[in-house]
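Notes follow the structure.
The values are calculated or read from the model by the stated rules, or taken from the named source; none is laboratory data. None of these values were measured; they are calculated from a predicted model. We place every Cβ from the backbone using ideal geometry, glycine too, and count neighbours over all the protein chains shown.
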Protein chains: 2
Amino acid sequence: MSVYTTVSEAELAAWLSRYALGELVSLRGIAAGITNTNYFVTTTHGRYVLTLFEVLRLEDLPFYLGLMSHLARHGVACPAPVADHNDAFASLLAGKPACLVTCLDGQDVSTPSAAQCRAVGEMLALMHRAGDTYPERMPNPRGPAWWSRTASGLYPFLNEDEAALLRDEVAYQEAHRFDALPSGVIHADLFRDNVLMQGETIAGFIDFYYACNDLLAYDVAIALNDWARRDDGSIDAELARALLAGYQSVRPFIEAERDTWPVMLRAAALRFWVSRLLDFHQPQAGELTYTKDPGVFRHLLEAHRTRSDFWL
Amino acid sequence: MSVYTTVSEAELAAWLSRYALGELVSLRGIAAGITNTNYFVTTTHGRYVLTLFEVLRLEDLPFYLGLMSHLARHGVACPAPVADHNDAFASLLAGKPACLVTCLDGQDVSTPSAAQCRAVGEMLALMHRAGDTYPERMPNPRGPAWWSRTASGLYPFLNEDEAALLRDEVAYQEAHRFDALPSGVIHADLFRDNVLMQGETIAGFIDFYYACNDLLAYDVAIALNDWARRDDGSIDAELARALLAGYQSVRPFIEAERDTWPVMLRAAALRFWVSRLLDFHQPQAGELTYTKDPGVFRHLLEAHRTRSDFWL
């Protein structure tokens, strides 16, 4: 399902001569990921993940790959991109921008424990700290301007209740300004399928291709909205507290972050409700993704709008 | 023997807060290395090697640690230094410049096989290629100027035959110019104890603190003079050919390198003969190293001066 571009062994073997990684031993498609093509590549020197980018262009990649390299260099658990003899992390393969990253052990977790949520929170805070010294910048392409604009195109497709909720939440978020909050490089998509774990240890955060500069607490809210969410869409208070405790063991929230935390949780729910509504009602022509249920984030947003306990 | 500076767990735990590596779990001195103090450090996130530099100063380290980081980023098997929250690879600990690098599996090999020599040659060539894009420069502090100067101070300590041989070889090397040979970043000390292996695979080159810019073929000669040398000081032709074949599978020698190869082997033997003579006859006050036999390299030099087969 997620090998959209086929690479032959001969083609890959030739491309690998750009790298100091030895000879190709084997090549195997990875049945995960919904945007890019991924392969496990084994060479005489080790095991790597090959990604062919189906949407991102070669010139888009330095921000993301440079970030992963920077974070890995600081000990943050994530794949490290491998540079080729031209000192580049990416080049064309089979007509697509392609890169190799180190292969991590571990697997994603569908039903996390409190200890795993705590570990995710802690590593996210370490990622935020390490990102402080990353010099490149990327505005968030899915921030408030994006969801306001996207919402306008969605109202015709929604029922009255949904449209009213969306309109109200967009207005609510627009009415809140966050200039005083700490910002930096965020992962922006730290869902359960983007973390590899070995037991209670983080083997690595993966899939940094939504990373950008935005509010750090917003990134925590995105992660909490997935990691602490039960199958029925409700939040498990123990998991939520564990993730926040792990995060704050490294970087405690400042007062302004505590004050605006409920707004952040709503913003993080809104952002994914909007993108899922968009995928559902206006799928891109020829898109190969499977559509995820937007309702989960609508219910989460509604719950966040009415709850009184925010686990801080 | 090689823990010259003692670090307490409390001191290390405090210093570790500079890093995104979690909490200290354990600390254990490493009984290897003759210049620096090394510890295995286990944190909640992984296993690292801590080095405290006994001679190098903090301002000397960026060349070496930046090089290791560059090579690791290019897939060359070597430890990757970890950057701290200030984006620095080194800072003071217990009054000494100190760094953390990733911990590699594998162990050094005292009696290498031909396959292991081949792997060393191949990885050395990959290291030379990857070094092409490393922007920093370091002249070789132990090049011809150093050995000529050092030899002058040694003649009074040598018997007539030794002095004549040393004088003649220094003059011979001075009479040869190598401006046409490929140069770049070299390891300059790739002896058997500086390579960790897992079976026939290189787990990592270590100890880059003699690395500098010099002739690439000279680096190959240094490695060959150790890896292919039998206990009696003679060269094992099969091991020598294997190392050279591995090297040339990645970077074949150019004609000028083939022509001057016998001179390189002599230069590499001379350099270590001189440094061992220096350690033997004029040990530095308070130096904690154990003195290695200079005779091995004298015999090797004499053999190189008379042989007709150079394994190319």
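Some values worked out for this structure:
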{"item": "Selection count where residues are away from every other protein chain (no Cβ under 14 Å) and either surrounded by 21 or more Cβ atoms within 10 Å (Cβ to Cβ) or of a type in the set (A, V, I, L, M, F, W, C) (or both), scope segment B:118-141", "result": "1"}
{"item": "Some residue of segment B:66-87 being at positive phi, modelled with pLDDT of 95 or more and in contact with a helix residue (DSSP H, G or I) (Cβ under 8 Å, 6 or more places away or on another chain)", "result": "yes"}
{"item": "Options B:Ala171, B:Ala115; residue that is more than 14 Å from chain A (Cβ to nearest Cβ), surrounded by fewer than 16 Cβ atoms within 10 Å (Cβ to Cβ), of a type outside the set (Lys, Arg) and at negative phi", "result": "B:Ala171"}
{"item": "Subset of segment B:243-281 (residues that are in a helix (DSSP H, G or I), more than 25 Å from B:Ser113 (Cα to Cα) and among the β-branched types (Val, Ile, Thr))", "result": "B:Thr260, B:Val263, B:Val274"}
{"item": "Hits in segment A:280-299 (condition: surrounded by 14 or more Cβ atoms within 10 Å (Cβ to Cβ) and at pLDDT 85 or above)", "result": "A:Phe280, A:His281, A:Pro294, A:Gly295, A:Val296, A:Phe297, A:Arg298, A:His299"}
{"item": "Residue identified as without any contact (Cβ under 8 Å) to a residue 24 or more places away in the chain and either closer than 21 Å to A:Ile202 by Cβ or more than 17 Å from the chain's Cα centre (by Cα) (or both) among A:Glu59, A:Glu162", "result": "A:Glu59"}
{"item": "Test: residue in segment A:83-92 that is crowded, with 21+ Cβ neighbours inside 10 Å, more than 14 Å from chain B (Cβ to nearest Cβ) and out of contact with any His (no Cβ under 9 Å at 6 or more places or on another chain)", "result": "no"}
{"item": "Residue that is nearest to A:Leu71 (Cα to Cα) [pool: residues in segment B:9-31 that are free of Cβ contacts under 8 Å to residues at least 40 places away in the same chain and part of a loop (DSSP other than H, G, I, E, B)]", "result": "B:Gly22"}
{"item": "Extreme residue, surrounded by the fewest Cβ atoms within 10 Å (Cβ to Cβ), among residues of segment A:39-70 that are within 14 Å of chain B (Cβ to nearest Cβ) and assigned to a loop (DSSP other than H, G, I, E, B)", "result": "A:Thr44"}
{"item": "Positions within segment B:217-241 being over 17 Å from B:Glu257 (Cα atoms) and not in a strand (DSSP E or B), in sequence order", "result": "B:Asp226, B:Trp227, B:Ala228, B:Arg230, B:Asp231, B:Asp232, B:Gly233, B:Ser234, B:Asp236, B:Ala237, B:Glu238, B:Leu239"}
{"item": "Residue check for A:Leu21: over 30 Å from A:Gly121 (Cβ atoms) and either outside the structural domain of A:Val185 (by TED's automatic domain parsing) or basic (Lys, Arg) (or both)", "result": "yes"}
{"item": "Flag if A:Ala77 is more than 8 Å from chain B (Cβ to nearest Cβ), under 21 Å from B:Gly66 (Cα atoms) and part of a loop (DSSP other than H, G, I, E, B)", "result": "no"}
{"item": "Unmet requirement for B:Asp214, which otherwise passes all of (1) under 23 Å from the mean Cα position of the chain (by Cα); (2) in a helix (DSSP H, G or I)", "result": "(2)"}
{"item": "Near pairs, Cβ below 8 angstrom, 6+ apart or cross-chain, from segment A:244-260 (farther than 13 Å from A:Leu216 by Cβ and modelled with pLDDT of 95 or more) to any residue that is of a type in the set (Asp, Glu) and assigned to a helix (DSSP H, G or I)", "result": "A:Gly246/A:Glu122; A:Ser249/A:Glu122"}
{"item": "Answer residue from segment A:200-245, given it is in contact with an Asp or Glu (Cβ under 6 Å, 6 or more places away or on another chain) and within 28 Å of B:Thr43 (Cα to Cα) and is nearest to the other protein chains (Cβ to nearest Cβ) among those", "result": "A:Ala203"}
{"item": "Residues satisfying the stated conditions in segment B:166-196, i.e. touching a His at 6+ places or on another chain (Cβ under 9 Å) and of a type in the set (S, T, N, Q)", "result": "B:Asn194"}
